[in-house]
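Student: Below: one structure in structure tokens.
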Amino acid sequence: MSVVTRFAPSPTGFLHIGGARTALFNFLFARHHGGKYLLRIEDTDRERSTDLAIAAIHEGLNWLDLAGDDEPVYQFSRMERHAQIAHELLEKGLAYRCYLSAEELGQMREEARKLGHPIRSPWRDKPVSAAPDAPFVVRLRMPETGATTISDAVQGDVTVQHQQLDDLIMLRSDGTPTYMLAVVVDDHDMGVSHVIRGDDHLNNAFRQQKIIAAMDWPQPIYAHIPLIHGSDGAKLSKRHGALSVMEYQSMGFLPEAVNNYLLRLGWSHGDDEVISRVDAISWFDLGAIGKSPARFDMDKLTAINSHYLSTASDDTIIKLITDAPLTPEMETRLRLLAPAIKERAQLVSDLPLMADFALSTTSPEIAEDAKPILDADMLSRLTAFAEAYSQHQGDFHNRDQEAIKAWLNEWLEEQGMKMRDLGPGLRVALTGKKQAPDIVLILAVLGPHEVKTRIETVCNN
Ligand code: GLU
């Protein structure tokens, strides 16, 4: 059997982080088996399915590199095909027209609820000749006795008694197909072999199976994955943090890190935390998906993000710092700086902040909390440093950190100073901040000319 999976989001505003995980699992499973991963936009709710919401789904999937293999299927455009199947089942006598009015239905529902069984429409057993000339819905004839067991690849064997299943509606009284019918027909027509989705759809699976059986189509394999929970164990909601995938981009997460984190959220491979996409494809299986809901942990996501930043290429880091065209001088500075700052950054947004002293060619503004470091003693040490440095600056044009370090250590020793006597002040004078990279790196990054002018600016003010 060739593997075909699908991700079937309802476009309701943005790509949900839980939906992204479902997409990822479908993608990985298909790739693992050399199969296909398809996208179906379930846009039958005409009020909520706006173009904007559909674009948001595509944007999120593209960002995560999880776009479908073929052109997406738009469910609404397939309405006629859905209805055709309902009519086919009517003709076969496996479905029936139900003429219950809303009022009658309400009463029946009430009674059925009291008795604890699903409603059975009296129209199920009435002859067609009894049908009035009135609006009707089309219902599937559910078996009344027995039970169905689904061998879910994640949940294991789950059994439902047929008495619990009502005669589901496939066509509404206006002739439009219901969600339950549309999903089944689309999955069949798209050749879907494995339905991997949130476990909030497990109950639907029993009903959907009955439509599939009535059509005598092959049943797909189901894998219902537990929904993601927040840190407090409740179902993930707004109060736990961002739900939209694109918000994670704005917060400074890399798509690789989000993918890696989502993979680990409910699926495991030994103790592996950092898993490349290549490894994920070769390792992914449904058996290792946990049965209980995983908790979303922002600190873990941040740690993984920090890992991906530290292993990104310098070119990538430079692009993340700024997308403006670079002068040769800026290029030199950022190339020197990139290896050091990618080690310390947690979020993409940390990078431009860590590099801002190098991005400007004017003296930095001194942060309030850094000002006390520049006391009179420090200023006189800085003046002495600037003088000595300017005599040697010609040697430092190549920005050789080893040479700068050797000279600096020698000079400090001559002066009877330790690095701590000068370093903090030098760092503030050159970057405006208390926390910044290594002082030798700062000297190399800024180059001799600007080191001198920045110190002079501080000392003369
Ligand atoms: N459109 C459904 C949802 O967004 C998914 C249906 C399915 O996967 O079968 O929850």
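The values are calculated or read from the model by the stated rules, or taken from the named source; none is laboratory data. Predicted model only: the values in this text are computed from it and were never measured. Cβ: placed from backbone, ideal geometry, glycine included. Neighbour counts: every protein chain shown. Areas reflect the complete protein model, heavy atoms only, side chains present, ligands, DNA and RNA absent. Shrake-Rupley method; radii C 1.70, N 1.55, O 1.52, S 1.80 Å.
Student: Let me check something: with ligands and nucleic acids excluded, how do I373, I41 order by accessible area (1.4 Å probe), largest to smallest?
Tutor: I373, I41
Student: Restricting to the chain, compute how many DSSP beta bridges are antiparallel as a %, nearest 5.
Tutor: Roughly 55 percent of the DSSP beta bridges within the chain come out antiparallel.
Student: Going through region 23-102, which GluC sites (Glu not before Pro) have at most 11 other Cβ atoms within 10 Å and a DSSP loop state?
Tutor: E47
Student: Just to make sure I understand: if all protein chains stay in place, what is the order of H82, H201 by accessible area at 1.4 Å, largest first?
Tutor: These residues rank, largest area first, as H201, H82.
Student: So if I take the centroid of the Cα atoms in region 11-31 and the same for region 236-295, what is the distance between those two points in Å?
Tutor: What the calculation gives is 11 Å, centre to centre.
Student: Can you list residues from other chains, or at least 5 along the same chain, whose modelled amide H is less than 5 Å from the amide H of V154?
Tutor: Amide H neighbours of V154: H224.
Student: Here's another thing I want to ask about it. Roughly how many whole Å is it from the C-alpha centroid of region 358-427 to that of region 76-142?
Tutor: Cα centres, region 358-427 to region 76-142: 84 Å.
Student: Given a cut-off of 24 Å, name the pairs among K405/K452; K238/K300; K114/K238; K300/K371 whose C-alpha atoms lie farther apart than that in the structure shown.
Tutor: K114/K238; K300/K371
Student: Here's something else I'd like to know. Cut-off under 13 Å on the C-alpha distance; same-chain residues fewer than 8 positions from K434 excluded. Which aspartates and glutamates are left, in chain and number order?
Tutor: Here the aspartates and glutamates satisfying the reach criterion relative to K434 are E365, E368, D369.
Student: Once a ≥ b ≥ c are taken as the square roots of the eigenvalues of the Cα gyration tensor of region 121-253, is the result rounded (a/c under 1.5), prolate (a/b larger than b/c) or oblate (a/b not larger than b/c)?
Tutor: Taking the square roots of the gyration eigenvalues as a ≥ b ≥ c, region 121-253 is prolate.
Student: Can I ask one more? Return one number: the angle in degrees, 0 to 90 and rounded to the nearest 10, between the long axis of the Cα atoms of helix 51-63 and the longest principal axis of the Cα atoms of the chain.
Tutor: Helix 51-63 sits roughly 60 degrees off the main axis of the chain.
Student: Next up: Solvent-accessible area of K452, probe 1.4 Å, all protein chains present, reported in Å² to the nearest ten, please.
Tutor: Surface accessible to solvent at K452 totals approximately 60 Å².
Student: Assuming a ≥ b ≥ c are the square roots of the Cα gyration tensor eigenvalues, decide whether region 222-262 counts as rounded (a/c under 1.5), prolate (otherwise, with a/b larger than b/c) or oblate.
Tutor: Judged from the Cα gyration tensor, region 222-262 comes out oblate (a/c at least 1.5, b/c at or above a/b).
Student: Moving on. Relative contact order for region 211-335: what percent, with Cα pairs under 8 Å and sequence separation of 6 or more?
Tutor: 30 percent
Student: Another question about this same structure. Do you know the relative contact order of region 141-183, to the nearest whole percent, from alpha carbon pairs under 8 angstrom that are 6+ apart?
Tutor: Normalised by residue count, the contact order of region 141-183 is 32 percent.
Student: Then there's this: If you filter region 369-427 for trypsin sites (Lys or Arg not before Pro), then keep DSSP loop positions with at most 12 other Cβ within 10 Å, what is left?
Tutor: The qualifying sites are K418.
Student: Which shape class applies to the chain: rounded if a/c is under 1.5, otherwise prolate when a/b exceeds b/c and oblate if not, where a ≥ b ≥ c are the square roots of the Cα gyration tensor eigenvalues?
Tutor: prolate
Student: Also: Hey, what did the chain get for relative contact order, percent, Cα under 8 Å, at least 6 apart?
Tutor: 13 percent
Student: For S310, S292, give me the order by solvent-accessible area with a 1.4 Å probe, most accessible first, ignoring ligands, DNA and RNA.
Tutor: S292, S310
Student: Provide the solvent-accessible area of D216, counting protein heavy atoms only and rolling a 1.4 Å probe, rounded to the nearest 10 Å².
Tutor: Counting only protein heavy atoms, D216 exposes about 130 Å² to solvent.
Student: Provide the solvent-accessible area of F29, counting protein heavy atoms only and rolling a 1.4 Å probe, rounded to the nearest 10 Å².
Tutor: Accessible area, nearest 10 Å²: 10 Å².
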